[in-house]
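Asks: Here's a structure for you.
The values are calculated or read from the model by the stated rules, or taken from the named source; none is laboratory data. Because the structure is predicted, anything quoted here is derived from the model rather than measured. Note that we place each Cβ from the backbone using ideal geometry, even for glycine, and neighbour counts take in every protein chain shown.
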Amino acid sequence: MSITVINGGNVLDLKQGVLLEHHHVVIENGHIVEVTDRPVDLPNARVIDARGKTVMPGLIDCHVHVLASRANLGANATQPNILTAIRALPILKAMLGRGFTTVRDAGGADWGLTQALENGLVPGPRIFPSGKALSQTGGHGDFRPRGDMLEPCSCCFRAGAIARVVDGVDAVRLAVREEIQKGATQIKIMASGGVASPTDPIGNTQYSEDEIRAIVAEAQAANTYVMAHAYTGRAISRAIRCGVRTIEHGNLVDEAAAKLMREHGAFVVPTLVTYDALAKHGADYGLPPDSIAKVETVRQAGRDSLQIYANAGVPMGFGSDLLGEMHTFQSDELRIRAEVLGNLEALRSATTIAAEIVAQEGKLGAIEAGAVADVLVVDGNPLDDIGTLTGQGERLAYVFQRGEVVSERGAVVSR
């Protein structure tokens, strides 16, 4: 029986938004069994001294593409499958070193990769995979270039492809069933144009409402939900009316769409850091010129959208959506959120709210009895200084995953 005591730290209670000073966290067999200010005397326990440090939940990123090792997603999809998998390994390892113990992959990661992580074969966060995202022909997941002939899409068979092209009510029903059979824990669809794809303007809506409703119905039949890439108020409203549960990006939302989201109990996952990274580094890392031209149309609007969602009471999860070498900027999303919404809401987006999004409330994103022991021990107080969590984990004294130390000072520990 493995017991660890994280001794004397200041436990960050994110539901109440307060620090519980000089508390002890008792971990047994991968779960938190007690959080107390009373002395803990367990002679055989491993003791971690956290005095003067903050003890908080591991972070959750609700929008990643761990197999996107190249910024040009079309080129990413042409890589040999084994190369795609191997290039994902340092991406996963670095996420863990930054304190992200859980991620929701928004297109690409599959059951095999999640099992490799679950079984400790490679270091990285646990993954809630979407399998291949679903895209209509000419939609955000269709990376075929324009030409006088449209070649058949081979995206289903490439590990580096984040999406598959599928059209029609019957076809999308089958695609949902296939992705769930292959291990997807939720379904991702492309419901509007996007930045990284070559032929679809951002303002376009994608998929008919009949197709979206069919996708939602199949997901609900499997006791899961649909997440939708959508930028404009029009695209967001269509998706929400059809039963979509989480909106990804949502930069060009309007007040009416945000109000509708609140009425339907939907979540949004903004991904603001990716636009900063693309504007600064996208061209250097191979993002096509057509995509770079789209970035500025959504960059500032994304920051403005945070206040629209906040005013409407729409819960916001943390997302980064970074590609290729730009994954290194993952934690900077916290800084962007904090500048607009304050440190506490930025932290909640990556813990308590993110846990709700992945249907793990009380199990992830919390330091409380019964939760999985994904724990960060932080030098400093993130409520006062969000910079304690940015960078590459330099101020993370320890990262625990399932009760085991997996990183110290940003250096991932081999299991």
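Asks: What is the one condition in (1) more than 20 Å from Gly317 (Cα to Cα); (2) free of Cβ contacts under 8 Å to residues at least 24 places away in the same chain that Gly203 does not satisfy?
Replies: Evaluating Gly203 over (1) more than 20 Å from Gly317 (Cα to Cα); (2) free of Cβ contacts under 8 Å to residues at least 24 places away in the same chain leaves (2) as the failure.
Asks: Just one of the numbered conditions (1) surrounded by 21 or more Cβ atoms within 10 Å (Cβ to Cβ); (2) under 22 Å from the mean Cα position of the chain (by Cα); (3) over 30 Å from Glu325 (Cβ atoms) is not true of Tyr207; which one?
Replies: (2)
Asks: OK, next. State whether one or more residues within the range 93-103 are assigned to a loop (DSSP other than H, G, I, E, B) and surrounded by fewer than 20 Cβ atoms within 10 Å (Cβ to Cβ).
Replies: no
Asks: Being part of a loop (DSSP other than H, G, I, E, B) and either in contact with a Gly (Cβ under 8 Å, 6 or more places away or on another chain) or buried (at least 18 other Cβ atoms within 10 Å of the Cβ) (or both) narrows it down to one of Leu383, Leu376, so name that one.
Replies: Result of the check over Leu383, Leu376: Leu383.
Asks: So, in the range 226-257, of the ones that are of a type in the set (Ser, Thr, Tyr) and touching a residue at least 40 places away in the same chain (Cβ under 8 Å), which residue ends up surrounded by the most Cβ atoms within 10 Å (Cβ to Cβ)?
Replies: Within the range 226-257, the match that is surrounded by the most Cβ atoms within 10 Å (Cβ to Cβ) is Tyr231.
Asks: Looking at the range 117-143, which of its residues are surrounded by 18 or more Cβ atoms within 10 Å (Cβ to Cβ) and assigned to a helix (DSSP H, G or I)?
Replies: Hit for the range 117-143 is Leu117, nothing else.
Asks: So which strands (runs of 3 or more DSSP E) are wholly in the range 219-269 and hold at least 3 residues that are in the same structural domain as Thr297 (by TED's automatic domain parsing) and either over 20 Å from the mean Cα position of the chain (by Cα) or within 17 Å of Thr297 (Cβ to Cβ) (or both)?
Replies: 226-232, 246-252
Asks: How many residues, within the range 66-90, are at pLDDT 95 or above, assigned to a helix (DSSP H, G or I) and crowded, with 20+ Cβ neighbours inside 10 Å?
Replies: Total meeting the criteria: 1.
Asks: While we're here: Of the conditions (1) in a helix (DSSP H, G or I); (2) crowded, with 24+ Cβ neighbours inside 10 Å; (3) in contact with a Pro (Cβ under 6 Å, 6 or more places away or on another chain), Thr274 satisfies every one except a single condition; which number is it?
Replies: Only one criterion is unmet by Thr274, namely (3).
Asks: Follow-up question, since we're still on this one. Restricting to the range 159-183, what's the tally of residues that are crowded, with 20+ Cβ neighbours inside 10 Å and either over 20 Å from the mean Cα position of the chain (by Cα) or free of Cβ contacts under 8 Å to residues at least 60 places away in the same chain (or both)?
Replies: 8
Asks: Further question on the same structure: State yes or no: is Gly282 of a type in the set (Gly, Ala, Ser) and in contact (Cβ under 8 Å) with a residue 60 or more places away in the chain?
Replies: Yes, satisfied.
Asks: Picking from Gly313, Gly282, Gly302, Gly319, which residue would you name as being of a type outside the set (Phe, Trp, Tyr) and farther than 20 Å from Val244 by Cβ?
Replies: Gly282
Asks: Regarding Val298, is this residue in the same structural domain as Arg335 (by TED's automatic domain parsing), touching a strand residue (DSSP E or B) at 6+ places or on another chain (Cβ under 8 Å), under 25 Å from Pro315 (Cα atoms) and in contact (Cβ under 8 Å) with a residue 60 or more places away in the chain?
Replies: So Val298 fits the description; yes.
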